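Remarks on the structure that follows.
The values are calculated or read from the model by the stated rules, or taken from the named source; none is laboratory data. Here the structure is a predicted model, which is why all the values come from computation and not from measurement. Here the Cβ positions follow ideal geometry from the backbone for every residue, glycine too, while neighbour counts run over all protein chains shown.
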Amino acid sequence: MRKTIKDILKEAPGQKVDVKGWVRTRRGNKNVQFVALNDGSTINNLQIVFDLSKFSEEDLKPITTGSSIHVEGELVASQGSGQNVEVQAEKLEVYGTSPADYPLQKKGHSMEFLREKAHLRPRTNTFGAVLRIRHALAYAVHKFFNDRGFYYFHTPLITASDCEGAGAQFQVTTMPLNDLPKTEDGNIDYSKDFFGKMASLTVSGQLEGELGATALGLIYTFGPTFRAENSNTPRHLSEFWMIEPEMAFYEIDDNMNLAEEFIKYCVKYALDNCYDDIKFLNDHFDPELIDRLKFVIDNDFVRLSYGEGIEILEKSGKKFEFPVHWGVDLASEHERYLVEEHFKKPVILTDYPKEIKAFYMKLNDDGKTVRAMDVLFPKIGEIIGGSQREENYDKLMSRVKEMGLEGMDWYLDTRKYGTVPHSGFGLGFERLVLFVTGMQNIRDVIPFPRYPKACEY
Ligand code: 4AD
């Protein structure tokens, strides 16, 4: 079986090897040619040395940037700097040539250019690094929860409920859009649609997750979610992956402790397991990246209430674009001021006004605020949103009525039969990947980003 370049680079010299990959560069002179080969297993290339007494110019002609080759040869100690071993080529097979119009010829393409070539960008060093880190973080998520006795609970992607109540859902229908069936009073007749009712793509698996937690105790979801907000920011996607743990018998403090432990675990896992990739991103784009990751692991997050946060913002003397006072939904500039300028640490804000939060959050005794918690991160802003849930049937029912929500009996049943205090949160997976990679735009941490007016592939 073929060994990956990642493994070959760890081998001792003096053995035959068989390598396959894509050519990054070829350079050299009349006597010897050096090819940097990469197979995606690692950021590091394997150097292949072609001695021109064994190979002709003609043999090597198809070896251009982007071409794919198979080389057999001997692993030897490398004379050059930058690698311990290299391969002295003995046999060459060319799988596929790569003509001169291969778009990834030179180093240092802009992120915007690469986004237009998203079908090829995983072959660049930068995206290879990001995608390997993304994989490691996904694995860390499962490992973290599995090791703590949580069950992976699959919630539906097509749903008839709007968890966050923000009305930012993509509809799912098989009805002909140019000839919609109508009811007698002129509304769309959803009884004729595929599911016999209006259906959408989910914005969150939380409500169904609560059904899982109030049966299995500790669950988490990890799946795609969809939001049809017209948000063209470096922090928003229309399709993103969310991790939503939900815990029976957890109150807000347990929830905050778990969120903090969870993020620290994931960041540490990436540092321990993807150091080469993170170092590459640190050295090429963001010289403070590794320090920032270590800082998050080593420091306690600051915990304070929304009200205290507002007071700090009001007293800051800063001119914010969006004015700040008790009751406003915090904008990214406010969140980042607290984290990056005031505390210089990740912050967990709790007890938000009930008007700006979702209907399911537990009402505090003041009747004004809810037991919400948002985790705010440097460079990112909100990375986690969560809360203790309202477990009292009557209070929840009155919130459901206030919001005019319908068809929620199944959800209310969890409060009717054996209700328990419970809590949970949602971590936007791409925001975590953004933080760990130090990339500037969330569109560059998912292979095929979806955002307004962009749905390629
Ligand atoms: O704060 P949100 O909307 O919370 C929920 O959906 C809850 N149901 C979670 C829960 O309690 N189980 O979203 C949670 C997180 C945000 O903190 C953010 O990291 C991410 O999801 N997020 C987005 N990420 C990328 N693009 C978007 N458009 C996002 N919207 C939210």
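Quick look at the values:
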read-out: Qualifying residue in the stretch 5-19 (condition: acidic (Asp, Glu), surrounded by fewer than 13 Cβ atoms within 10 Å (Cβ to Cβ) and free of Cβ contacts under 8 Å to residues at least 12 places away in the same chain); value: no
read-out: Unmet criterion (only one of (1) surrounded by fewer than 24 Cβ atoms within 10 Å (Cβ to Cβ); (2) within 8 Å of the ligand (Cβ to nearest atom); (3) not charged (D, E, K, R)) for Ile446; value: (2)
read-out: Long-range neighbours under 6 Å by Cβ, at least six apart or interchain, first residue within 21 Å of Gln440 (Cα to Cα) within the stretch 373-388, second polar (S, T, N, Q); value: Gly381/Ser332
read-out: Residue, nearest to the ligand (Cβ to nearest atom), within the stretch 191-208, restricted to residues that are outside any loop (DSSP other than H, G, I, E, B) and touching a residue at least 12 places away in the same chain (Cβ under 8 Å); value: Gln206
read-out: Qualifying residue in the stretch 49-66 (condition: of a type outside the set (Val, Ile, Thr), under 35 Å from the mean Cα position of the chain (by Cα) and outside any loop (DSSP other than H, G, I, E, B)); value: no
read-out: Tabulated pairs, the stretch 263-281, first in contact (Cβ under 8 Å) with a residue 60 or more places away in the chain, second crowded, with 17+ Cβ neighbours inside 10 Å and basic (Lys, Arg), C-beta under 7 angstrom, 6+ apart or interchain; value: Cys274/Arg132; Asp277/Arg132
read-out: Residue match in the stretch 151-168 (condition: touching a His at 6+ places or on another chain (Cβ under 8 Å) and farther than 30 Å from Ala213 by Cα); value: no
read-out: Matching residues, the stretch 229-249, being crowded, with 17+ Cβ neighbours inside 10 Å and either part of a loop (DSSP other than H, G, I, E, B) or more than 7 Å from the ligand (Cβ to nearest atom) (or both); value: Arg235, His236, Leu237, Ser238, Glu239, Trp241, Ile243, Pro245, Met247, Ala248
read-out: Verdict on Tyr95 being at pLDDT 95 or above and touching a His at 6+ places or on another chain (Cβ under 7 Å); value: yes
read-out: Any hit, the stretch 292-308, residues being in contact with a Lys or Arg (Cβ under 6 Å, 6 or more places away or on another chain) and either touching a residue at least 60 places away in the same chain (Cβ under 8 Å) or within 16 Å of the ligand (Cβ to nearest atom) (or both); value: no
read-out: Residue, farthest from the ligand (Cβ to nearest atom), within the stretch 390-405, restricted to residues that are hydrophobic (A, V, I, L, M, F, W, C) and modelled with pLDDT of 95 or more; value: Met397
read-out: Selection within the stretch 373-389 - buried (at least 24 other Cβ atoms within 10 Å of the Cβ), more than 9 Å from the ligand (Cβ to nearest atom) and either among the small types (Gly, Ala, Ser) or at pLDDT below 95 (or both); value: none
read-out: Qualifying residue in the stretch 341-348 (condition: assigned to a strand (DSSP E or B) and within 11 Å of the ligand (Cβ to nearest atom)); value: no
read-out: Some residue of the stretch 209-223 being surrounded by 21 or more Cβ atoms within 10 Å (Cβ to Cβ), assigned to a strand (DSSP E or B) and either free of Cβ contacts under 8 Å to residues at least 12 places away in the same chain or near the ligand (Cβ under 10 Å from one of its atoms) (or both); value: yes
read-out: In the stretch 135-174, residue farthest from Pro447 (Cα to Cα) [restricted to those that are assigned to a helix (DSSP H, G or I), in contact with a Phe, Trp or Tyr (Cβ under 8 Å, 6 or more places away or on another chain) and not aromatic (Phe, Trp, Tyr)]; value: Asn146
read-out: From the options Leu207, Leu201, Leu237, Leu281, residue that is modelled with pLDDT of 95 or more and in contact with a Cys (Cβ under 6 Å, 6 or more places away or on another chain); value: Leu207
read-out: Any hit, the stretch 411-424, residues being within 20 Å of Leu293 (Cα to Cα), in contact with a helix residue (DSSP H, G or I) (Cβ under 6 Å, 6 or more places away or on another chain), within 15 Å of the ligand (Cβ to nearest atom) and not small (Gly, Ala, Ser); value: no
read-out: Conditions (1) surrounded by 17 or more Cβ atoms within 10 Å (Cβ to Cβ); (2) within 28 Å of His342 (Cα to Cα); number of the one not met by Lys294; value: (1)
read-out: Of the criteria (1) exposed (fewer than 13 other Cβ atoms within 10 Å of the Cβ); (2) in contact with a Ser or Thr (Cβ under 8 Å, 6 or more places away or on another chain), which one Asp185 fails; value: (2)
read-out: Enumeration of residues in the stretch 377-398 that are more than 30 Å from Arg431 (Cα to Cα) and in contact with an Asp or Glu (Cβ under 9 Å, 6 or more places away or on another chain); value: Leu396
read-out: Meets criteria (more than 19 Å from Leu427 (Cα to Cα) and surrounded by 13 or more Cβ atoms within 10 Å (Cβ to Cβ)) for Pro122; value: yes
read-out: Those helices (runs of 4 or more DSSP H) lying entirely in the stretch 352-457 with at least 3 residues of a type outside the set (Ser, Thr, Tyr), under 17 Å from the mean Cα position of the chain (by Cα) and closer than 21 Å to Ile263 by Cα; value: 429-437
read-out: In the stretch 67-94, the residues that are closer than 17 Å to Asn31 by Cα, of a type in the set (Gly, Ala, Ser) and assigned to a strand (DSSP E or B); value: Ala89
